[in-house]
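Every number here is computed from the coordinates shown, using simple stated rules; none is lab data. On a predicted model such as this, the values are computed, not experimentally measured, just so you know. Cβ placement follows ideal geometry from the backbone for every residue including glycine, while neighbour counts extend to all protein chains displayed.
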Ligand SMILES: Cc1cc2nc3c(=O)[nH]c(=O)nc-3n(C[C@H](O)[C@H](O)[C@H](O)COP(=O)(O)OP(=O)(O)OC[C@H]3O[C@@H](n4cnc5c(N)ncnc54)[C@H](O)[C@@H]3O)c2cc1C
């Protein structure tokens with residue numbers, strides 16, 4: 001908060017609405033490029049946010065933003081793999097990130113989002129962005145169809161900020177997409193999530209590898225168990241809305257947790273943090289357009305897929321970064337139409353890829369992650385790469401090539417040009433030519449690194 005923040009009307013190169021991962025990343029990049037940027041955040045950080053399991057490609061992005069050291073200093077839980085328990089078969093496998101391509105990070109983190117989002121917000125401020133917390137954007141300012149700024153409320157007073165470019169990173173609030181009626185619900189994925197945090201977790205009760213996400217699927221949905229602090233775990237149950245409607249959140253949450261013996265064990269004798277489980281509804285939607293006159297939309301403000309592959313934060317940040325690069329390009333005098341088209345193509349490729357992986361899980365593989373590792377073309381290495389965050393793979397990457405052949409899984413109605421260029425790893429990823437040289441294991445492997453194991457006692 002500076003004295004200038006109290007001026008009634010101010011001017012910037014760019015304004016960012018929202019200080020979540022998308023907004024902070026965008027403001028960081030703009031500031032790093034020397035632009036004046038004003039980020040307005042409604043709440044006071046740290047604030048609670050769900051979305052705590054990360055993909056490995058995020059590690060490289062954090063490094064590129066010069067913030068990974070700060071993240072490491074903050075002692076977030078290190079994650080080197082995920083275990084998948086499939087209820088219908090009783091099969092338990094572990095996907096180890098050590099099989100990622102040479103030159104890539106073989107780990108990522110589980111994040112207490114209150115702490116992580118604060119680290120990112122402080123990082124963009126340290127880089128030169130002006131950040132105002134407790135500033136609630138109430139209205140977009142328009143000149144014809146062009147967005148020219150925002151009106152916001154801060155300590156009960158109204159203020160105006162103007163800029164040639166406004167980035168909407170307001171998350172699910174989606175100020176721009178709602179105002180321009182761009183948001184469409186995804187009728188293929190009408191899931192809900194019911195979740196709880198547990199503290200005082202007893203380490204010995206966790207049956208998995210330390211830091212691993214415990215993932216379980218069963219006939220009515222799936223569960224996450226994400227260790228977010230050394231003694232704290234986030235547990236969530238995802239299911240179709242129709243299942244939740246048959247009961248109440250407390251009852252259904254307990255009943256679903258009881259279906260996974262491994263999560264049930266991990267929370268034994270731990271203490272629930274919230275009075276009752278929290279619920280998130282209607283979380284799958286997309287926007288047909290990611291930018292327009294005077295605006296760019298990044299992160300959940302534009303699009304949100306199902307959380308099943310933990311890609312939300314990575315996609316949000318990388319699109320926030322691209323929004324900043326687009327604005328920088330415009331200040332460099334690049335062709336406006338081209339800049340917007342490139343941004344649209346990038347975001348649509350990323351979200352379209354991610355939606356396809358989710359559809360494969362739900363519709364082709366009957367919620368059996370382990371079968372995806374065996375049956376998707378290319379084998380477990382390529383599947384791991386897709387799960388890890390490579391949503392912009394080479395044209396001949398076998399997994400994505402196969403998923404893209406499913407015309408019925410297209411998300412966006414307007415055609416777009418697919419971007420075949422990973423934003424974080426230019427070269428160090430598996431290429432189709434590696435198929436000949438690398439033995440790709442069939443399936444992910446067991447917890448102990450030996451053969452796949454069956455788990456007794458699973459109730460589906
Ligand atoms: C049940 C569930 C589970 C999930 N699990 C995962 C997971 O395991 N891994 C993963 O990567 N992702 C997960 N996600 C998704 C992830 O949480 C989001 O993709 C991510 O938080 C998006 O970041 P963002 O910056 O776009 O939005 P947010 O993080 O939501 O940030 C938006 C910010 O904008 C602010 N804001 C809103 N309105 C205004 C306004 N009017 N004025 C000023 N500020 C405003 C908000 O206060 C907020 O801080 C999950 C989501 C759900 C619903």
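What FRET efficiency would be calculated for the residue pair residue 11, residue 427, taking the C-beta separation as r and a Förster radius of 35 Å, to the nearest 0.05?
Values: r = 41 Å, r/R0 = 1.18.
Efficiency for this residue pair is about 0.25.
Placing dummy labels 7 Å off each Cα toward the beta-carbon, the span from residue 98 to residue 446 is 1.5 nm. Largest first, the three principal axis extents of the alpha carbons in the chain are 65, 52, 42 Å in whole numbers. Considering all C-alpha pairs of segment 191-280, those separated by over 22 Å amount to 20%.
Remind me, relative contact order of the chain in percent, using alpha carbon pairs under 8 angstrom and six or more residues apart?
Details: 984 pairs, mean separation 96.9, N = 460.
It comes to 21 percent, rounded to a whole number.
Each peptide in 409-415, 309-315 gets a packing score, the mean of other Cβ atoms within 10 Å over its residues, and the list from highest to lowest is 309-315, 409-415. In terms of surrounding Cβ atoms within a 10 Å radius of their Cβ, 271, 108 rank from fewest to most as 271, 108.
Spin-label model, residue 413 to residue 255: label points 7 Å out along the Cα-to-beta-carbon direction sit 3.8 nm apart.
For residue 276 and residue 43, the FRET efficiency from 1/(1 + (r/R0)^6), where r spans their Cβ atoms and R0 equals 25 Å, is about 0.70. Rg/Rh for segment 354-454 (Cα atoms only, Rh after Kirkwood) is 0.98. Applying 1/(1 + (r/R0)^6) with r as the Cβ-Cβ distance of residue 143 and residue 106 and R0 = 51 angstrom yields a FRET efficiency of 0.55.
For segment 109-124, list residues with backbone N below 20 Å from a point placed 7 Å from the Cα of residue 75 toward its Cβ? So the set is 109-120.
Taking the square roots of five times each eigenvalue of the Cα gyration tensor of segment 31-162, the equivalent ellipsoid has semi-axes of 37, 18, 15 Å, listed largest first.
Residue separation times 0.36 nm, minus the C-alpha to C-alpha distance between residue 126 and residue 435: what's the value? Kindly include the intermediate steps, with their values, before the conclusion.
Working: separation 309, 0.36 × 309 = 111.24 nm, distance 4.42 nm.
Answer, rounded to one decimal: 106.8 nm.
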